[in-house]
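Working notes, structure below.
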């Protein structure tokens with residue numbers, strides 16, 4: 001029983017970490033590529 005609960009929570013943690021990593025990659029792409037393409041006018 002403990003193994004089922006343990007694997008469930010590990011799955012939840014890994015899912016949240018994966019979503020965070022994907023969002024970080026997308027945000028990093030936008031910041032690095034799009035900011036060069038469309039610079040701010042100061």
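Points to keep in mind about this one:
- Against the main long axis of the alpha-carbon atoms of the chain, helix 2-29 sits at an angle near 0°.
- Extending 7 Å from the Cα toward the beta-carbon at both residue 35 and residue 12 defines two label points whose distance is 3.5 nm.
Each value in this text was obtained by applying a stated rule to the coordinates, not by laboratory testing. The structure displayed is predicted, hence computed values, not measured ones. Because the Cβ atoms are built from the backbone with ideal geometry, glycine has one as well, and the counts that use them run over all protein chains shown.
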